[in-house]
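See structure below.
The values are calculated or read from the model by the stated rules, or taken from the named source; none is laboratory data. Here the structure is a predicted model, which means the values were calculated and not measured. Positions of Cβ are backbone-derived with ideal geometry, glycine not excepted, and every protein chain shown enters the neighbour counts. For the accessible areas, the whole protein counts, side chains as well, though only heavy atoms, and no ligand, DNA or RNA atoms are used. Shrake-Rupley method; radii C 1.70, N 1.55, O 1.52, S 1.80 Å.
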Amino acid sequence: MSQLSVVGTGVIGNGWISRALANGWDVVAFDPAPDAEVRTRAFVANAWHALEKDGLAEGASVDRLRFAATLEEAVVGADLIQENVPERLPLKQEILSAIDAAAEEHVVIGSSTSGFKPTDLQQDCKKAPG
Ligand SMILES: NC(=O)c1ccc[n+]([C@@H]2O[C@H](COP(=O)([O-])OP(=O)(O)OC[C@H]3O[C@@H](n4cnc5c(N)ncnc54)[C@H](O)[C@@H]3O)[C@@H](O)[C@H]2O)c1
């Protein structure tokens, strides 16, 4: 079983969450918006009918989704971490740096950026390859 950790659960984060759940992954999410969990669970429930039609992986379940209280808690145990915060470079740099500091070694960290370069996104990350 694999775990996706999702930081930022808006339009794109919820898409990642739905796909990962449909593929039988465990998902741990973090988003500071007070209504984030309610919004995400409604999004996933709505998407689930279409995902069922496409075919769910064995063991796939919406019950594999959990929300964490902090970013640091959300990334524990992750095989893949996906950042999906708004498209503002200083914010993405801050969040990616925090993810990098909290993540275990060798975990792949992805960004759903629309256009920033990896070199700029990871400038404050200590574990990123040079
Ligand atoms: N919407 C699209 O069609 C689209 C397509 C491709 C790429 N993208 C990119 O995906 C990224 C996310 O876009 P979106 O449309 O999902 O935005 P969105 O505004 O729907 O969602 C952003 C989420 O990030 C959360 N957030 C804000 N600050 C945070 C923090 N400090 N920690 C954790 N979460 C935080 C917000 O509460 C919100 O839920 C952007 O970089 C965007 O450019 C968007």
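May I ask for the distance between the Cα centers of the stretch 37-53 and the stretch 69-130, given as a whole number of Å? Centre-to-centre (Cα) distance: 25 Å. A P(r) calculated from all alpha carbon pairs of the chain, with 5 Å bins opening at zero, reads 2, 11, 22, 23, 20, 12, 7, 3, 0 percent. Computed from backbone phi with θ = phi - 60° and the Karplus coefficients 6.51, -1.76 and 1.60, the 3J(HN,Hα) list for the stretch 17-34 is 4, 4, 5, 5, 4, 5, 8, x, 7, 7, 10, 10, 10, 9, 7, x, 4, x Hz; x is used for glycine and proline. Working from Cα pairs under 8 Å separated by at least six residues, relative contact order for the chain is 28 percent. Over the stretch 54-127, Cα pairs under 8 Å with separation of 6+ residues give a relative contact order of 34 percent. Ligands, DNA and RNA aside, Asp54 has an accessible area near 110 Å² when probed at 1.4 Å. Principal-axis analysis of the Cα atoms of the chain puts helix 89-102 at an angle of about 80° to the longest axis. Database remark: amide H of Ser111 closer than 5 angstrom to the amide H of Glu83 (H placed geometrically; neighbours at sequence offset of 5 or more, or on other chains; Pro and chain starts carry no H).
Springs between Cα atoms under 10 Å define the GNM used for the chain, and in it the highest mean-square fluctuation of Pro90, Pro34, Pro118 occurs at Pro34.
Here the Karplus relation 6.51 cos²θ - 1.76 cosθ + 1.60, evaluated at θ = phi - 60°, turns the backbone of the stretch 70-76 into coupling constants of 9, 4, 4, 5, 5, 8, 4 Hz, with x for every Gly and Pro. When the helices of the chain are scored as -39500 (n - 2.57) per DSSP H run of n ≥ 4 and the total is divided over every residue, the value at 222 nm lands at -12000 deg cm²/dmol. For the chain, the solvent-accessible area of protein heavy atoms averages 55 Å² per residue (probe radius 1.4 Å; ligands and nucleic acids excluded).
In degrees, nearest 10, range 0 to 90: what is the angle between the Cα axis of helix 36-54 and the longest Cα principal axis of the chain? For 36-54 against the chain, the angle is about 60 degrees. Considering only GluC sites (Glu not before Pro) in DSSP loops that have at most 16 other Cβ atoms within 10 Å, the longest stretch of the chain without any of them is 1-57. In this simple spin-label approximation, Asp63 and Glu104 carry label points 7 Å from Cα along the Cα→Cβ vector, and these lie 2.5 nm apart.
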